[in-house]
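**Q** One structure follows; several queries about it will come next.
The values are calculated or read from the model by the stated rules, or taken from the named source; none is laboratory data. Given the structure is predicted, the values throughout are model-derived calculations rather than measurements. Here Cβ is always computed from backbone atoms with ideal geometry, including for glycine, and neighbour counts include all displayed protein chains. For the accessible areas, the whole protein counts, side chains as well, though only heavy atoms, and no ligand, DNA or RNA atoms are used. Shrake-Rupley method; radii C 1.70, N 1.55, O 1.52, S 1.80 Å.
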Amino acid sequence: GAEVVINGSSSPAVVDRSNETIKHNIQPASAKWRHNQTLSLRIRKQILKFLDAEKDISVLKGTLKPGDIIHYIFDRDSTMNVSQNLYELLPRTSPLKNKHFGTCAIVGNSGVLLNSGCGQEIDTHSFVIRCNLAPVQEYARDVGLKTDLVTMNPSVVQRAFEDLVNATWREKLLQRLHSLNGSILWIPAFMARGGKQRVEWVNELILKHHVNVRTAYPSLRLLHAVRGYWLTNKVHIKRPTTGLLMYTLATRFCSQIYLYGFWPFPLDQNQNPVKYHYYDSLKYGYTSQASPHTMPLEFKALKSLHEQGALKLTVGQCD
Ligand code: CTP
């Protein structure tokens, strides 16, 4: 099978456990990297045994009705009622139905993107996925502008939009949503109870202002299915990050997958400091202590897939 060999790397990885810094030498280098189509197809097939991106990318209208009760995935004892607004925003058919793309970009949010000059390259891909409504306009040279799908954890409303405390913040979020201009907005609404109110606010804004986005709300089984796939391949992630979820989904509809902004380490390959996010001042402590994610472990798996030609990681400058 297409086992993800996470320890099979021949490149040096020096681990400094005091601050989780790992010096990863990404090999092969950009110019020498070759896509391994056989392996990509094998991975797609294997992932299909756990989930189907076409279905799991969103709950559909036909499967829920207003008033239905949903148990949060991470807070099983807490429930939410499907509101009228949520119901209205559920897609009738999968936004990925019968979709297929030659090359896709998944843009993570690491500060490694700053001064990368990768914007143009990112924008050449047929389908561009971004995470957590990260800003693009001010960083276009490094991150590009094209956005076909963008995720939004409910916590973004708090972190980047001050929980919409006043009209200014509401307007800011509204402008950001308007700028999505028809792309898919993917909101994990059923993960944790903390997001209840925030998801409702966003849904309300979208409906009230007729925002042109295609909303999608991941299926209740997606998280466990993704985790199951990686566990089967001996990657013991606690809770997959948005970035890993996106890669796992993308294998279904993208022939070649290019990753940018995946670098969960405070120093780059040349030992220069790297911001946790390219656009805010969130710190690394956040990943190791408060967060349930195991990003360095995920990174190791992605790096191994890069070495085998199943995906391409870019962690430095683009030509
Ligand atoms: N990422 C990374 N290195 C970083 C920051 C992010 O590799 N220094 C990748 C991760 O895969 C992450 C994705 O980029 O999921 C998007 O970043 P972020 O918005 O921080 O996502 P999450 O950590 O999933 O968000 P949250 O903690 O709100 O769940």
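**Q** Going through 127, 101, 161 one at a time, which residue ends up being over 17 Å from the mean Cα position of the chain (by Cα), closer than 26 Å to residue 30 by Cβ and away from the ligand (no atom under 13 Å from the Cβ)?
**A** 101
**Q** Next question, about the same structure. Cβ-Cβ below 8 Å, separation at least six or inter-chain, first residue in the stretch 252-267 and outside any strand (DSSP E or B), second away from the ligand (no atom under 16 Å from the Cβ) and open to solvent by less than 20 Å² (accessible area, probe 1.4 Å): which pairs?
**A** What qualifies is 252/47; 252/53; 252/96; 253/53; 253/96; 253/127.
**Q** Moving on to the next point. Filtering the stretch 258-272 down to residues that are open to solvent by 10 Å² or more (accessible area, probe 1.4 Å) and more than 8 Å from the ligand (Cβ to nearest atom), which residue is modelled with the highest pLDDT?
**A** Looking at the filtered set, the residue picked out is 258.
**Q** May I pose another question? Given (1) within 14 Å of the ligand (Cβ to nearest atom); (2) under 16 Å from the mean Cα position of the chain (by Cα); (3) in a loop (DSSP other than H, G, I, E, B); (4) not aliphatic (A, V, I, L, M), where does residue 280 come up short, assuming only one miss?
**A** Tallying (1) within 14 Å of the ligand (Cβ to nearest atom); (2) under 16 Å from the mean Cα position of the chain (by Cα); (3) in a loop (DSSP other than H, G, I, E, B); (4) not aliphatic (A, V, I, L, M), residue 280 fails exactly one: (2).
**Q** Any idea which of 251, 242 is more than 9 Å from the ligand (Cβ to nearest atom) and not aliphatic (A, V, I, L, M)?
**A** That would be 251, the only listed residue that is more than 9 Å from the ligand (Cβ to nearest atom) and not aliphatic (A, V, I, L, M).
**Q** Quick check, is residue 287 within 17 Å of residue 153 (Cα to Cα) and at pLDDT 95 or above?
**A** Values: within 17 Å of residue 153 (Cα to Cα): yes; at pLDDT 95 or above: no.
It is false that residue 287 is within 17 Å of residue 153 (Cα to Cα) and at pLDDT 95 or above.
**Q** I would also like to ask the following. Test residue 72 against the criterion of being of a type outside the set (Gly, Ala, Ser), out of contact with any Leu (no Cβ under 8 Å at 6 or more places or on another chain) and surrounded by 15 or more Cβ atoms within 10 Å (Cβ to Cβ), and give yes or no.
**A** Considered against the rule, which asks whether it is of a type outside the set (Gly, Ala, Ser), out of contact with any Leu (no Cβ under 8 Å at 6 or more places or on another chain) and surrounded by 15 or more Cβ atoms within 10 Å (Cβ to Cβ), residue 72 comes out as yes.
**Q** Here is a further query. Just to verify a result, which residue in the stretch 221-235, among those that are touching a helix residue (DSSP H, G or I) at 6+ places or on another chain (Cβ under 7 Å) and part of a loop (DSSP other than H, G, I, E, B), is farthest from the ligand (Cβ to nearest atom)?
**A** If we take residues in the stretch 221-235 being touching a helix residue (DSSP H, G or I) at 6+ places or on another chain (Cβ under 7 Å) and part of a loop (DSSP other than H, G, I, E, B), then 221 is farthest from the ligand (Cβ to nearest atom).
**Q** Being within 13 Å of the ligand (Cβ to nearest atom), in a loop (DSSP other than H, G, I, E, B) and out of contact with any helix residue (DSSP H, G or I) (no Cβ under 7 Å at 6 or more places or on another chain) is the requirement here; does residue 275 meet it? Give the derivation first.
**A** Details: within 13 Å of the ligand (Cβ to nearest atom): yes; in a loop (DSSP other than H, G, I, E, B): yes; out of contact with any helix residue (DSSP H, G or I) (no Cβ under 7 Å at 6 or more places or on another chain): no.
It is false that residue 275 is within 13 Å of the ligand (Cβ to nearest atom), in a loop (DSSP other than H, G, I, E, B) and out of contact with any helix residue (DSSP H, G or I) (no Cβ under 7 Å at 6 or more places or on another chain).
**Q** Still on this model: Could you grab me the full set of residues in the stretch 158-172 that are within 25 Å of residue 72 (Cα to Cα) and either in contact with a Gly (Cβ under 8 Å, 6 or more places away or on another chain) or without any contact (Cβ under 8 Å) to a residue 40 or more places away in the chain (or both)?
**A** 161, 162, 163, 164
**Q** Scan the stretch 106-122 and report the pairs whose first residue is over 25 Å from residue 251 (Cβ atoms) and within 11 Å of the ligand (Cβ to nearest atom) and whose second residue is of a type outside the set (Ser, Thr, Tyr) and part of a loop (DSSP other than H, G, I, E, B), with Cβ atoms within less than 6 Å and a gap of 6+ or a chain change.
**A** Filtered contacts from the stretch 106-122: 111/274; 111/275.
**Q** Right, another one. So residue 302 fits all but one of (1) touching a His at 6+ places or on another chain (Cβ under 7 Å); (2) at pLDDT 95 or above; (3) within 13 Å of the ligand (Cβ to nearest atom); what number is the exception?
**A** Among (1) touching a His at 6+ places or on another chain (Cβ under 7 Å); (2) at pLDDT 95 or above; (3) within 13 Å of the ligand (Cβ to nearest atom), residue 302 violates only (1).
**Q** From the list 78, 83, pick out the single residue that is in contact with a helix residue (DSSP H, G or I) (Cβ under 7 Å, 6 or more places away or on another chain), surrounded by 14 or more Cβ atoms within 10 Å (Cβ to Cβ), modelled with pLDDT of 95 or more and over 15 Å from residue 219 (Cα atoms).
**A** Of the residues listed, the single one that is in contact with a helix residue (DSSP H, G or I) (Cβ under 7 Å, 6 or more places away or on another chain), surrounded by 14 or more Cβ atoms within 10 Å (Cβ to Cβ), modelled with pLDDT of 95 or more and over 15 Å from residue 219 (Cα atoms) is 83.
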